[in-house]
Amino acid sequence: MPKAVRFERYGDVEVLEVVEVPHPTPGREQVVVRVRAAGINPGEASIRAGLLHERWPATFPSGQGGDLAGVVDEVGDGVTGVTVGDEVIGFTHDRASQAELVAVDADHLTLRPAGVPWEVAGALFVAGATAYAAVNAVAPGNDDTVVVSGAAGGVGTIAVQLARVTGATVLGLASPPHHGWLRDHGIVPVDYGDGVEQRIRDAAGGPPDAFIDTFGSGYVDLAISLGVAPERIDTIADWTAAERHGVKTDGNMVGARAEVLAELAGLIDAGRLEVPIAHTYPLAEVREAYRELERRHTLGKIVLVP
């Protein structure tokens, strides 16, 4: 029987188990994918801990994961354009991708270009679609200066690059160990913490034009203090501040389309976008993978490899 990540109650990483589950069967217009890589994300950790119960409650036993890449193993009725053996990048909204096999809607898949490594493909959906939506929400242009908080995280590393592709000047808030990576990608690194507002003003030569908050913890308030117009602020982490200030909250659900995945994969294949992989873990080490994730100091993505 195939194995999958499950948890039976809210709690810390110790509630996570890898257990045998029934072989998934594709429904109409679905396929079964044999997973080669599945990214992990902070939102999943928050859901597992019960911190988002009011917004996104879990039903038990619960699986985990939306990111996936793998090989099509079985095709259901009504599927066109996807065949057994296809190498695909995709997503599921069923909290089910951290598994050896998963049933997926066929229209949630795009073909994996040869130049996109498996671990990158498997980490692309949540962070990539979120970054894509957030960057589009603030509409950066050639003459703009854009600030990105959490610039070394899974979403942040993609967002800074997508914003840079538009021609904007991009300031990335990150700790000093990650400044070199940001510089190498054309980003102006700025250390976070006490005094960050003045450091941003100094680096931008004045108030910035747009702000993407991938971290929360007061960055929406900071953006307002910097003079950024609310319609050019997007947060994926602080809905309370977003409501208070009337800023945007475009994130994963706005970008959750196979066409977006295909566009991002094409940029990676062309060498115009990098998804840094901090670490890969076998499925059996899912607890350790989330321990590392929840320290919030990694550069880029952490990936499970079933």
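Reported count of residues in the stretch 169-187, each being part of a strand (DSSP E or B) and either within 14 Å of Ser149 (Cβ to Cβ) or of a type in the set (Asp, Glu) (or both), is 4.
Given the structure, is Arg244 more than 23 Å from His108 (Cβ to Cβ), among the basic types (Lys, Arg), modelled with pLDDT under 95 and surrounded by fewer than 19 Cβ atoms within 10 Å (Cβ to Cβ)? When the stated conditions are applied, Arg244 does not pass them.
Taking the stretch 127-148 as the range and being among the aliphatic types (A, V, I, L, M) and open to solvent by 20 Å² or more (accessible area, probe 1.4 Å) as the test, only Ala139 passes. Which residues, counting only those in the stretch 227-246, are charged (D, E, K, R), assigned to a helix (DSSP H, G or I) and without any contact (Cβ under 8 Å) to a residue 40 or more places away in the chain? Result: Glu231, Glu243, Arg244.
Can you tell which of Gly141, Gly156 is of a type in the set (Gly, Ala, Ser) and either in contact with a Cys (Cβ under 9 Å, 6 or more places away or on another chain) or at pLDDT 95 or above (or both)?
Only one candidate qualifies: Gly156.
Considering only residues in the stretch 221-250 that are under 18 Å from Val135 (Cβ atoms) and of a type in the set (Val, Ile, Thr), the one that is farthest from the chain's Cα centre (by Cα) turns out to be Val228.
Tell me the residue from Ala49, Ala45, Ala58, Ala38 that is under 24 Å from Ala237 (Cα atoms) and in contact with a Pro (Cβ under 9 Å, 6 or more places away or on another chain), please.
Working: Ala49 fails: in contact with a Pro (Cβ under 9 Å, 6 or more places away or on another chain); Ala45 fails: in contact with a Pro (Cβ under 9 Å, 6 or more places away or on another chain); Ala58 fails: in contact with a Pro (Cβ under 9 Å, 6 or more places away or on another chain).
None of the others qualify; the one that does is Ala38.
Scanning the stretch 12-56 for residues that are open to solvent by 30 Å² or more (accessible area, probe 1.4 Å), under 20 Å from the mean Cα position of the chain (by Cα) and farther than 23 Å from Arg295 by Cα yields Arg36, Arg55. Only one of the listed residues (Asp238, Asp213, Asp250) is of a type outside the set (Val, Ile, Thr) and under 15 Å from Gly172 (Cα atoms). That residue is Asp213.
Do we find that Ala37 is modelled with pLDDT under 95 and touching a Phe, Trp or Tyr at 6+ places or on another chain (Cβ under 8 Å) in this structure? Spelling it out, it is not the case that Ala37 is modelled with pLDDT under 95 and touching a Phe, Trp or Tyr at 6+ places or on another chain (Cβ under 8 Å). Where residues in the stretch 138-164 are in a helix (DSSP H, G or I) and over 16 Å from the mean Cα position of the chain (by Cα), which of them is farthest from Ile224 (Cα to Cα)? The selected residue is Arg164.
Return the total of residues in the stretch 192-219 being hydrophobic (A, V, I, L, M, F, W, C) and open to solvent by 70 Å² or more (accessible area, probe 1.4 Å).
So in the stretch 192-219, the residues hydrophobic (A, V, I, L, M, F, W, C) come out as 196, 200, 203-204, 210-212, 215.
With open to solvent by 70 Å² or more (accessible area, probe 1.4 Å) added as a condition, the list becomes 215.
Total meeting the criteria: 1.
Is at least one residue of the stretch 257-267 closer than 19 Å to Ala159 by Cβ, modelled with pLDDT under 95 and part of a helix (DSSP H, G or I)? Taking every residue of the stretch 257-267 in turn, none turns out to be closer than 19 Å to Ala159 by Cβ, modelled with pLDDT under 95 and part of a helix (DSSP H, G or I).
Evaluating Pro189 against the criteria (1) open to solvent by less than 60 Å² (accessible area, probe 1.4 Å); (2) in contact (Cβ under 8 Å) with a residue 40 or more places away in the chain; (3) in contact with a Leu (Cβ under 9 Å, 6 or more places away or on another chain) leaves one unmet condition, (2). The number of residues in the stretch 163-186 that are within 18 Å of Ala210 (Cα to Cα) and either open to solvent by 20 Å² or more (accessible area, probe 1.4 Å) or of a type in the set (Phe, Trp, Tyr) (or both) comes to 6. Scanning the stretch 247-276 for residues that are in contact (Cβ under 8 Å) with a residue 40 or more places away in the chain and among the polar types (S, T, N, Q) yields a single hit, Asn252.
The values are calculated or read from the model by the stated rules, or taken from the named source; none is laboratory data. Computed from a predicted model, the values in this text were never measured in an experiment. All Cβ positions, even for glycine, are placed from backbone atoms using ideal geometry, and neighbour counts span all protein chains on display. With ligands, DNA and RNA removed, areas are computed over all heavy atoms of the protein, side chains included. Shrake-Rupley method; radii C 1.70, N 1.55, O 1.52, S 1.80 Å.
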